[in-house]
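Colleague: Here's a structure for you.
The values are calculated or read from the model by the stated rules, or taken from the named source; none is laboratory data. Note that this is a predicted model, so its numbers are computed, not measured. FYI the Cβ positions are ideal-geometry reconstructions off the backbone, even for glycines, and counts take in every protein chain you see. Heavy atoms of the whole protein, side chains included, go into the accessibility calculation; ligands, DNA and RNA do not. Shrake-Rupley method; radii C 1.70, N 1.55, O 1.52, S 1.80 Å.
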Amino acid sequence: MAGPSAVTGERQRPEAPARPPRPSTGRRLPSPRLLLVVAILVTVLGGGAIWLLYGSEWLRVEQVSTSGTRVLTPEEVLEAASVPIGAPLISVDTEAIEDRLRRELPRIDSVDAVRSWPHGISLKVTERKPVLLLEKGSEFVEVDAGGVRFATVQRAPKKVPVLQLTAGRSPSLPRFGIDRLLVEAVRVARDIPPAVASRTSIMEVRSYDSISLELNDGRTVDWGSSEKGESKAAALTALMKAAPDAEHFDVSAPTSPAVSGS
């Protein structure tokens, strides 16, 4: 019977059994030849797509359409847009077209230039709408709800009040200035009830807190400042319903409105 090892004095450990080989998963790496074929196909398809978009005659700009114009004509929009007819549709810089239209035609408030595959560009225009008119000699300057003076016209648009700034002797003029008073007038124009706005012929601004309206039937409205516009609009609507024959309405203090001349 074998005893302890003469060298170490310990019993020898039995050798660990060999691990069985892992079962094959059945997956094989693609051959270099297959990889080469795939690479060639990707290159060919990619090159074909690039040629189709940029080099072929199939996807080029052939027509440009416009929509949304009211005062501007489609011809004015097309001329200002300067869309490159015949250019590859994919290469057309739509943002540059939009910037150019807003710069060349200030009447345009917003515009979307959209590719219409396979051959078109569509220009969707939104024009500014005047809420006030400034007299300039025999012409009129249109002012939108943002206070932007965007166009000068020879004939006043219908249902848009003419602004009269008579603040020359107002003590508030040095403090606020004409431009600030114009901003206040625009705020009032935005708050006037639509039924009243369409019948307002003149808005007079005497000072920051003295703004009045003259309707086309001769009736007048003392609006006061631009503050509490929604409350004043509600009060004016109620007054006109309660006293339709009144000649003057005062909503400068909307919590205590008044009428006269009825």
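Colleague: What number of residues within region 80-105 are of a type in the set (Lys, Arg) and in contact with a Phe, Trp or Tyr (Cβ under 9 Å, 6 or more places away or on another chain)?
Modeller: Matching residues across region 80-105 total 0.
Colleague: Just the residues that are within 32 Å of the chain's Cα centre (by Cα), in a loop (DSSP other than H, G, I, E, B) and acidic (Asp, Glu), please, taken from region 215-257.
Modeller: Of everything in region 215-257, just one residue is within 32 Å of the chain's Cα centre (by Cα), in a loop (DSSP other than H, G, I, E, B) and acidic (Asp, Glu), namely GLU227.
Colleague: Go over the candidates ALA235, ALA167, ALA197 one by one and state the one that is closer than 30 Å to ARG70 by Cβ and either small (Gly, Ala, Ser) or surrounded by fewer than 19 Cβ atoms within 10 Å (Cβ to Cβ) (or both).
Modeller: Going through ALA235, ALA167, ALA197 in turn, the sole match is ALA197.
Colleague: Still on this structure: Looking only at region 63-81, count every residue that is open to solvent by 70 Å² or more (accessible area, probe 1.4 Å) and either in a loop (DSSP other than H, G, I, E, B) or in contact with a Leu (Cβ under 6 Å, 6 or more places away or on another chain) (or both) and tell me the total.
Modeller: Result for region 63-81: 2.
Colleague: Those residues that are touching a helix residue (DSSP H, G or I) at 6+ places or on another chain (Cβ under 6 Å), part of a strand (DSSP E or B) and farther than 18 Å from VAL64 by Cβ, I need them from region 94-152; list them, please.
Modeller: Matches in region 94-152: VAL131, LEU132.
Colleague: So VAL196 clears everything in (1) modelled with pLDDT under 95; (2) part of a helix (DSSP H, G or I); (3) over 27 Å from the mean Cα position of the chain (by Cα); (4) within 16 Å of VAL162 (Cα to Cα) except one condition, right? Which one?
Modeller: With respect to (1) modelled with pLDDT under 95; (2) part of a helix (DSSP H, G or I); (3) over 27 Å from the mean Cα position of the chain (by Cα); (4) within 16 Å of VAL162 (Cα to Cα), VAL196 is out only on (1).
Colleague: Follow-up. Among (1) modelled with pLDDT of 95 or more; (2) of a type in the set (Ser, Thr, Tyr); (3) outside any strand (DSSP E or B), where does SER212 come up short?
Modeller: It is condition (3) that SER212 fails.
Colleague: Let me ask another. Enumerate the pairs (first residue in region 71-96 and in contact (Cβ under 8 Å) with a residue 24 or more places away in the chain and farther than 28 Å from LYS158 by Cα; second residue anywhere and open to solvent by less than 30 Å² (accessible area, probe 1.4 Å) and part of a helix (DSSP H, G or I)) with beta-carbon separation below 7 Å, excluding pairs fewer than 6 apart on the same chain, so at least 6 apart or on different chains.
Modeller: ALA81/ILE97; ALA81/LEU101; VAL83/ILE97
Colleague: Checking ASP245 against (1) of a type in the set (Asp, Glu); (2) under 25 Å from ARG149 (Cα atoms); (3) modelled with pLDDT under 95, which single condition isn't satisfied?
Modeller: Every condition holds for ASP245 apart from (2).
Colleague: So, one more: Restricting attention to region 136-148, which residues are at pLDDT 95 or above, of a type in the set (D, E, K, R) and open to solvent by 20 Å² or more (accessible area, probe 1.4 Å)?
Modeller: If the condition is that a residue be at pLDDT 95 or above, of a type in the set (D, E, K, R) and open to solvent by 20 Å² or more (accessible area, probe 1.4 Å), then GLU139 is the only one that fits.
Colleague: Could I ask something else about it? Taking region 93-135, which residues are of a type in the set (Gly, Ala, Ser) and modelled with pLDDT under 95?
Modeller: Scanning region 93-135 gives SER116, GLY120.
Colleague: Sort through GLU230, GLU184 and tell me the only one that's farther than 16 Å from VAL160 by Cα and open to solvent by 60 Å² or more (accessible area, probe 1.4 Å).
Modeller: Going through GLU230, GLU184 in turn, the sole match is GLU230.
Colleague: Restricting attention to region 73-113, which residues are within 19 Å of PHE150 (Cα to Cα) and among the small types (Gly, Ala, Ser)?
Modeller: ALA80, ALA81, SER110
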